[in-house]
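Written below as structure tokens is the structure these notes are about.
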Amino acid sequence: MVKDSDTLHAGDRRIIAALQINPRAAVGVLGRILGEHERTVARKVRRLITSGAIRPTAIYDTLRCGRGSAVQLRLETHSGALDRAAQALTQRSDVRRVVAVSGRSSVLWCEMIVPNIPELHNLVAEGLPGVPDVRNFEVHSTLRTFTTVAEWHLPVLSPEEEDLLRRSAVQHLPTPADRYELSSPERQVADALMENARVSLTDLSHRLGFSVATAGRRVASLLERRMLYLRTEVEPALLGLPVQAQLCLTVPPAALGAVGTALSAYPEVRYCAAITGTQNLIAEVCLRHEADFYRFLDDRLGGIPHVSGVATEIITHAYKRGFVVKPLPATS
């Protein structure tokens, strides 16, 4: 099993970057675009998956599928209870992300999918039954996502390679509907892709009782309509980016769109969204070391107008990302 303290060599990183752009790219396509033999690419992809370095998966667009909306929770735990609380959160099927961050107290950030406003009220009123040692928490609704981790990729490929990989993927419809009703077969296909985004259409057809052609149409339909986003999950530390941080920005309402768009264009930014609260823009960045983080704050963020305040926290451990549960921190 690959550890977060390990790093992958340049050839592996190029393949991972390609799979981040198109997680279902065939090994022959990857070989032609990256200039490697198909068998070599197949061996590397298999090794990266079986070692646990990467996990090809998928996530719903919860709003478009009518499954609810995302909320950001900031939880403070009692001293020494961070791992216990995080483990309880990762076991919840409605929790998509759990990370610990540095700060004045033991703090977890959690992203949860809440199906409706009454359930949001219950969350605010009742807290999180079954999650131990939480002494304080805040709830912030996600209003708009500017970029998701599923859209981020390691910037090690040429523009030509990136373009070819994007063109090899299923193309989104230019103006999909705001809301779709998921059919039972679509849920089955989505579940299979969340388990393994690289599942072959032949295996998918055998598993679900469809023809290969029908399986292909249903996969394409989910992706074209942006009901589902494919994602190659990988810890940034394995890519040589061990410094991960969360930023909470204060931005005037009239500038939220401009700041979110500008921030999400930077290759260091994995995630950026507008949320409720006085700190109304949240972002996650990953970099090589602390000096790069300083330069990001000074040059990148400092060059964006209308940011009136920023709080920064280093992510010390990820317990869950994109519904994928991670190993607990190693103890000394």
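The values are calculated or read from the model by the stated rules, or taken from the named source; none is laboratory data. Nothing here was measured: the structure is a model prediction, and the numbers come from that model. Every residue, glycine as well, gets a Cβ built from its backbone with ideal geometry; the counts of neighbours run over all protein chains shown. Each accessible area value is taken on the protein alone, full model and side chains, heavy atoms only, with ligands, DNA and RNA left out. Shrake-Rupley method; radii C 1.70, N 1.55, O 1.52, S 1.80 Å.
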Simple spin-label estimate for residue 188/residue 314, 7 Å along Cα→Cβ, in nm, reads 4.9
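Just flag the chymotrypsin sites (Phe, Trp or Tyr not before Pro) in the range 279-332 sitting in loop per DSSP whose Cβ has no more than 16 other Cβ atoms within 10 Å. Can you show the working numbers first?
Numbers: sites: 293, 294, 296, 319, 323; in loops: 323.
In loop regions of the range 279-332 (DSSP not H, G, I, E or B), there are no sparsely surrounded chymotrypsin sites (Phe, Trp or Tyr not before Pro).
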Please list the non-local residues whose amide H lies under 5 Å from the amide H of residue 157, H modeled 1.01 Å from N, same-chain partners needing a gap of 5 or more. none
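Between residue 202 and residue 167, what length in nm is gained on full extension when 0.36 nm per residue of separation is reduced by their alpha carbon distance?
Working: separation 35, 0.36 × 35 = 12.60 nm, distance 2.26 nm.
Here the answer is 10.3 nm.
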Accessible carbon and sulfur surface of the range 261-305 relative to its total accessible area, %, 1.4 Å: 53
If you build a Gaussian network model of the chain, linking Cα atoms that sit under 10 Å apart, which residue out of 40, 62, 250 swings the most? 40
How much length, in nm to one decimal, is gained on full extension between residue 136 and residue 330, taken as 0.36 nm per residue of separation minus their Cα-Cα distance? 67.2 nm
Rough spin-label spacing in nm, given labels placed 7 Å along Cα→Cβ, for residue 119 and residue 178: 2.0
At a 1.4 Å probe radius, carbon and sulfur cover how many percent of the accessible area of the range 99-179? 51
Result for the range 184-286: accessible area per residue, probe 1.4 angstrom, in square angstrom, of 35
Across 311, 274, 192, the residue with the highest GNM fluctuation in the chain (Cα network, 10 Å cutoff) is 311
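Please report the relative contact order for the range 71-138, taking Cα pairs under 8 Å with a sequence separation of at least 6, and give it as a percent rounded to a whole number.
Values: 107 pairs, mean separation 31.9, N = 68.
Worked out over the range 71-138, it gives 47 percent.
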Mind checking which of 74, 55, 84 has the largest fluctuation in a GNM of the chain, springs on alpha carbons under 10 Å? 84
In deg cm²/dmol and to the nearest 500, what is the mean residue ellipticity at 222 nm of the chain if only DSSP H runs of at least 4 residues count, each as -39500 (n - 2.57), divided by the residue total? -9500 deg cm²/dmol
Per-residue accessible area, 1.4 Å probe, largest first, puts 146, 137 in the order 137, 146
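Using Cα pairs under 8 angstrom and six or more residues apart, how large is the relative contact order of the chain, in percent?
Working: 603 pairs, mean separation 85.4, N = 332.
Reported as a whole number, the value is 26 percent.
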So, with a 1.4 angstrom probe, what is the percent of accessible area on the range 24-67 that is carbon and sulfur? 49
In vacuum, with every alpha carbon of the range 84-200 counted as one equal point scatterer, what does the Debye formula give for log10 I(q)/I(0) at q = 0.11, 0.17, 0.22 Å⁻¹? Two decimals, please. -0.61, -1.19, -1.43
Output wanted: per-residue J couplings in Hz (rounded whole) for the range 278-291, from phi through Karplus 6.51 cos²θ - 1.76 cosθ + 1.60, θ = phi - 60°, x for Gly and Pro. 5, 8, 9, 9, 10, 8, 10, 10, 9, 9, 6, 7, 4, 4
At what distance in angstrom do the alpha carbon centres of the range 22-36 and the range 82-126 lie from each other? 37
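For the range 10-129, what does the accessible surface come to per residue with a 1.4 Å probe? Please give it in Å². Mind dumping the intermediate values first?
Values: 5200 Å² over 120 residues.
Counting only protein heavy atoms, the per-residue value for the range 10-129 is 43 Å².
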Computed over the range 24-98, the relative contact order (Cα-Cα under 8 Å, seq sep at least six) in percent reads 11
